[in-house]
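Peer 1: Structure in structure tokens, see below.
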Number of protein chains: 2
Amino acid sequence: MNYSLLYKESLFYNVIPFWEKNSLDTKFGGYFSCLDQKGEIYDTDKFIWLQGRQAWMFSYLYNNVEQKKDWLEIAKLGIDFLIDHGRDDTGNFYFSTTREGKPLVQPYNIFSDCFAAMAFGQYAKATGDKEIQDLAKNTYFNILDRRENPKGQYEKSTGNRPLKSFSLPMILSNLVLELEAVLPAEEVEKTIDFSVNEVMKVFLQKDNGLIYEFLNPDGTPNDSFEGRLINPGHGLEAMWFMIDIAVRSNDKDLIKKASETILKILNFGWDKKYGGIFYFLDVKGYPPQQLEWDQKLWWVHLEALVALSKAYLHTKNPKIWEWYEKVHQYTLNRFPDKENGEWFGYLNRQGEPYLTLKGGKWKGCFHVPRGLYQCWKNFEKIEQENLLK
Amino acid sequence: MNYSLLYKESLFYNVIPFWEKNSLDTKFGGYFSCLDQKGEIYDTDKFIWLQGRQAWMFSYLYNNVEQKKDWLEIAKLGIDFLIDHGRDDTGNFYFSTTREGKPLVQPYNIFSDCFAAMAFGQYAKATGDKEIQDLAKNTYFNILDRRENPKGQYEKSTGNRPLKSFSLPMILSNLVLELEAVLPAEEVEKTIDFSVNEVMKVFLQKDNGLIYEFLNPDGTPNDSFEGRLINPGHGLEAMWFMIDIAVRSNDKDLIKKASETILKILNFGWDKKYGGIFYFLDVKGYPPQQLEWDQKLWWVHLEALVALSKAYLHTKNPKIWEWYEKVHQYTLNRFPDKENGEWFGYLNRQGEPYLTLKGGKWKGCFHVPRGLYQCWKNFEKIEQENLLK
């Protein structure tokens, strides 16, 4: 099979046109993300994560695939919306706004800022706009300033069980590469060192090879709902961020370690009964808090495909290839909606869509196109090197 | 079938012993609620909702079934824990604490206070303890003081889309009857009038007969995820609270209206494909935000059985009876765990348990025993009146 062509065609025939056609709010700026199976808008609220992610995606295509004027214009819709309506007075990004841009939910979630910074970084690369570069840089440093208390006044934890979260070092490891062009070189190196160390030496557990979502401040596990939580998709996504960093510095040990971790996570997270990767698991096998724990989510499976194809490209490990084929078969048979475009986001444990939306509060124009792009490029190289029989 | 005996036996052979045996923390006070299928403790955190609910339940059994010393002692475990560890300096109740009672999650959730007030009220009735009576009363008035901004500093909404919530008038309608003995008579009447009006004339929609979870401050619907949300279990629970109020004041119109609403909610909320009542629905049929929307929850089905048996007792409406039998058959065949005691809490859409816990962060000793008690008593009267063939 010509995998690279499969991914490329899916990206440009099935997915990007869906967002180009359905998501653009040419009246108030930004994007609609609440799109039903056929692409009809069912809600007009704007979620800042998804505004940033889509602006990033179209800037990225412009920078990495083709300098299409349309793509840059689409990116600009989101960039302008983020600048005009995304931030409060202190420069923190809201979680959501109305269609018109009136803030609805306060900046309690620092990932709004992370995706805005990513978007500004790619867009500045496309246009060379100095102001947007500064915005990317300032947003990045504002994230660092807030990292010790990212939720601010909205933090409901008393502090009696302080836990550190995997999300932030994980996202920083990707964000810092995204912003390399606008950040001082020593800042990039420092943050890479910090995040690789946190991800691979602190959150990755020696005994079971799994990545925990929350740890005690001293790096030991915490026996609580949060402390026992495993989010396989998160771990898999982080592993391809690690491989990107390892390739940049030609760190073969890091590639090997990341690839081994991919296998450990898949062994633990795979549903032996129905196939697919669970959304959440308790490391001790206890009932997770999350009622959606057994669902099969689009992004988890895409991150797995990216991680596996990238790991295979760099290791040629046949065990990685076995898993790639297994996840490919599960994923490509169930998630893509060939008739209406894009992918279903949410399958039940049995593998059937139980929400047929193409976008909503958390799903937008991001994981599907980014994953397809990544797989396309990984397979281009794999096929060039004739690694597949 | 002798329904009253069925419910009574289930309550006293299958459910109460499960909590008596597994949930008591005789070392640090309060109750364990995180119990697996067999009753083994898998987490020791204490959730204040569930501490209040269990203390209420055992006080209620003592007051309404038999003055068993053991039941009062069990209730005291929770009451003491709430007094010693439940509140912050301003008298607001935390959301959760460690096993030992160190606060973990701040008082962002006013339902902690509601269930604590209910527990104090029933326990004061059992013991005549003046201090606990005062605590019940003060907690109640503190809830009223906080009602305009129940989440305090933890409120993430900007205020640009102010919505009023059904939960508070609904719970007040029950709480005020619980606390009747300790509150001034005019306060009771005022709050009953307020909550009946809010529930039946504001949140209950004239056009479709359904209850909305959130409305604009002027009582009109709001076209947003929150504004379109239907929670059938919530509506059904509120309807039996309304019937209790109607019986107290011999208000036949209210009984009739509540019974009609039960039918409307069930018609809308019933899963025509697999049976059972959905957890969440969007009134326009759009995808709900909640990934757990299609799951079948224990409390929803218990509240339906209570509402239907109570409505049948007071209306003899054959349509109510038809629905009772349908919900009874679905529920009693799937939720009770005859081998290990108590009920499963969480079934997938197809009706199979996907979490086999008996208790966790949200499920404790409350809906199952309260529902069984209510059905037992409703059927005792139905059978005395020979309403069943």
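Peer 1: How many residues are more than 17 Å from A:His367 (Cβ to Cβ), assigned to a loop (DSSP other than H, G, I, E, B), out of contact with any Gly (no Cβ under 6 Å at 6 or more places or on another chain) and more than 14 Å from chain B (Cβ to nearest Cβ) when one looks only at the range A:1-42?
Peer 2: 7
Peer 1: So, one more: Could you identify the single residue in B:Met200, B:Met170 that is more than 14 Å from chain A (Cβ to nearest Cβ) and in contact with a Lys or Arg (Cβ under 8 Å, 6 or more places away or on another chain)?
Peer 2: On the way: B:Met170 fails: in contact with a Lys or Arg (Cβ under 8 Å, 6 or more places away or on another chain).
Answer to the selection: B:Met200.
Peer 1: Let me ask you something else. Return the total of residues in the range B:36-76 being over 16 Å from B:Ala136 (Cβ atoms) and surrounded by fewer than 22 Cβ atoms within 10 Å (Cβ to Cβ).
Peer 2: Residues flagged as over 16 Å from B:Ala136 (Cβ atoms) and surrounded by fewer than 22 Cβ atoms within 10 Å (Cβ to Cβ) within the range B:36-76 amount to 19.
Peer 1: Specify which of the listed residues (B:Gly91, B:Gly121, B:Gly159) is in a loop (DSSP other than H, G, I, E, B) and more than 14 Å from every other protein chain (Cβ to nearest Cβ).
Peer 2: Values: B:Gly121 fails: in a loop (DSSP other than H, G, I, E, B); B:Gly159 fails: more than 14 Å from every other protein chain (Cβ to nearest Cβ).
The unique qualifying residue is B:Gly91.
Peer 1: Which one is farthest from A:Val306 (Cα to Cα), of the residues in the range A:223-264 that are assigned to a loop (DSSP other than H, G, I, E, B) and not charged (D, E, K, R)? Can you show your working first?
Peer 2: Start the filter on the range A:223-264 by keeping residues that are assigned to a loop (DSSP other than H, G, I, E, B), which leaves A:223-228, A:231, A:249-251.
Those still in the list that are not charged (D, E, K, R) too: A:224-225, A:227, A:231, A:249-250.
Working: A:Ser224: 31, A:Phe225: 29, A:Gly227: 27, A:Asn231: 16, A:Ser249: 20, A:Asn250: 19 Å.
The selected residue is A:Ser224.
Peer 1: If you scan the range A:142-152, which residues turn out to be surrounded by 14 or more Cβ atoms within 10 Å (Cβ to Cβ) and assigned to a helix (DSSP H, G or I)?
Peer 2: Selection gives A:Asn142, A:Ile143, A:Arg146, A:Gly152.
Peer 1: On to the next question. It is to be established whether one or more residues within the range B:297-319 are more than 14 Å from chain A (Cβ to nearest Cβ), aromatic (Phe, Trp, Tyr), crowded, with 22+ Cβ neighbours inside 10 Å and part of a helix (DSSP H, G or I). Can you show your working first?
Peer 2: So in the range B:297-319, the residues more than 14 Å from chain A (Cβ to nearest Cβ) come out as B:301-319.
Applying the additional criterion that residues be aromatic (Phe, Trp, Tyr) yields B:312.
Checking the rest, the ones that are also crowded, with 22+ Cβ neighbours inside 10 Å come to B:312.
Going one step further and asking which of them are part of a helix (DSSP H, G or I), we end up with B:312.
So far as the range B:297-319 goes, yes, one or more of its residues are more than 14 Å from chain A (Cβ to nearest Cβ), aromatic (Phe, Trp, Tyr), crowded, with 22+ Cβ neighbours inside 10 Å and part of a helix (DSSP H, G or I).
Peer 1: Can you confirm whether the range B:8-19 contains a residue that is β-branched (Val, Ile, Thr) and out of contact with any strand residue (DSSP E or B) (no Cβ under 8 Å at 6 or more places or on another chain)? Lay out the reasoning, then the answer.
Peer 2: Looking only at the range B:8-19, we keep the residues that are β-branched (Val, Ile, Thr), and these are B:15-16.
Applying the additional criterion that residues be out of contact with any strand residue (DSSP E or B) (no Cβ under 8 Å at 6 or more places or on another chain) yields B:16.
Yes; the residues of the range B:8-19 include at least one that is β-branched (Val, Ile, Thr) and out of contact with any strand residue (DSSP E or B) (no Cβ under 8 Å at 6 or more places or on another chain).
Peer 1: If you don't mind, there's one more thing I want to ask. In the range A:267-280, is there at least one residue being surrounded by 18 or more Cβ atoms within 10 Å (Cβ to Cβ), touching a residue at least 40 places away in the same chain (Cβ under 8 Å) and out of contact with any strand residue (DSSP E or B) (no Cβ under 9 Å at 6 or more places or on another chain)?
Peer 2: No, the range A:267-280 contains no residue that is surrounded by 18 or more Cβ atoms within 10 Å (Cβ to Cβ), touching a residue at least 40 places away in the same chain (Cβ under 8 Å) and out of contact with any strand residue (DSSP E or B) (no Cβ under 9 Å at 6 or more places or on another chain).
Peer 1: Which residue, of A:Glu198, A:Glu213, is farther than 17 Å from A:Asp251 by Cβ, surrounded by 20 or more Cβ atoms within 10 Å (Cβ to Cβ) and within 21 Å of the chain's Cα centre (by Cα)? So that I can check it myself, show each step before the final result.
Peer 2: On the way: A:Glu198 fails: farther than 17 Å from A:Asp251 by Cβ.
From the options A:Glu198, A:Glu213, the qualifying one is A:Glu213.
Peer 1: Given the condition assigned to a loop (DSSP other than H, G, I, E, B), more than 25 Å from B:Asn22 (Cα to Cα), within 14 Å of another protein chain (Cβ to nearest Cβ) and small (Gly, Ala, Ser), answer yes or no: does some residue in the range B:345-366 qualify? Reasoning before the result, please.
Peer 2: Pass one, the range B:345-366, residues assigned to a loop (DSSP other than H, G, I, E, B): B:345, B:348-352, B:356-366.
Cutting the leftovers down to more than 25 Å from B:Asn22 (Cα to Cα) gives us B:348-351.
After this cut, where a residue has to be within 14 Å of another protein chain (Cβ to nearest Cβ) as well, the list is B:348-351.
Checking which are small (Gly, Ala, Ser) leaves us with B:351.
Within the range B:345-366, one or more residues are assigned to a loop (DSSP other than H, G, I, E, B), more than 25 Å from B:Asn22 (Cα to Cα), within 14 Å of another protein chain (Cβ to nearest Cβ) and small (Gly, Ala, Ser).
Peer 1: Looking at (1) in contact (Cβ under 8 Å) with a residue 60 or more places away in the chain; (2) within 20 Å of the chain's Cα centre (by Cα), can you tell me which one B:Gly227 breaks?
Peer 2: Every condition holds for B:Gly227 apart from (2).
Peer 1: Given A:Gly101, A:Gly78, A:Gly121, A:Gly86, which one is at positive phi and either touching a residue at least 12 places away in the same chain (Cβ under 8 Å) or not hydrophobic (A, V, I, L, M, F, W, C) (or both)? Full working, then the answer.
Peer 2: On the way: A:Gly78 fails: at positive phi; A:Gly121 fails: at positive phi; A:Gly86 fails: at positive phi.
Criteria check complete, one pass: A:Gly101.
Peer 1: Restricted to the range B:94-118, and to residues that are among the small types (Gly, Ala, Ser) and within 22 Å of the chain's Cα centre (by Cα), which residue is nearest to the other protein chains (Cβ to nearest Cβ)? Quick ask: steps written out before the conclusion?
Peer 2: Looking only at the range B:94-118, we keep the residues that are among the small types (Gly, Ala, Ser), and these are B:96, B:101, B:112, B:116-117.
Filter once more, so that each one left must be within 22 Å of the chain's Cα centre (by Cα): B:96, B:112, B:116-117.
Values: B:Ser96: 9, B:Ser112: 12, B:Ala116: 18, B:Ala117: 21 Å.
The qualifying residue nearest to the other protein chains (Cβ to nearest Cβ) is B:Ser96.
Peer 1: Out of curiosity, is A:Lys338 touching a residue at least 60 places away in the same chain (Cβ under 8 Å), within 13 Å of another protein chain (Cβ to nearest Cβ), assigned to a loop (DSSP other than H, G, I, E, B) and basic (Lys, Arg)? Explain how you work it out, then say what you get.
Peer 2: Details: touching a residue at least 60 places away in the same chain (Cβ under 8 Å): yes; within 13 Å of another protein chain (Cβ to nearest Cβ): no; assigned to a loop (DSSP other than H, G, I, E, B): yes; basic (Lys, Arg): yes.
The answer is no for A:Lys338.
Peer 1: Select from the range A:160-187 the residues that are surrounded by 15 or more Cβ atoms within 10 Å (Cβ to Cβ), over 20 Å from the mean Cα position of the chain (by Cα) and hydrophobic (A, V, I, L, M, F, W, C) and list them in ascending order.
Peer 2: A:Leu163, A:Val182, A:Leu183
Quick note: the coordinates plus some simple rules give every number you see, no bench work behind them. For clarity, every value in this text was computed on a predicted model and none was experimentally measured. For neighbour counting, all protein chains shown are included, and Cβ atoms are generated from backbone atoms with ideal geometry for every residue, glycine included.
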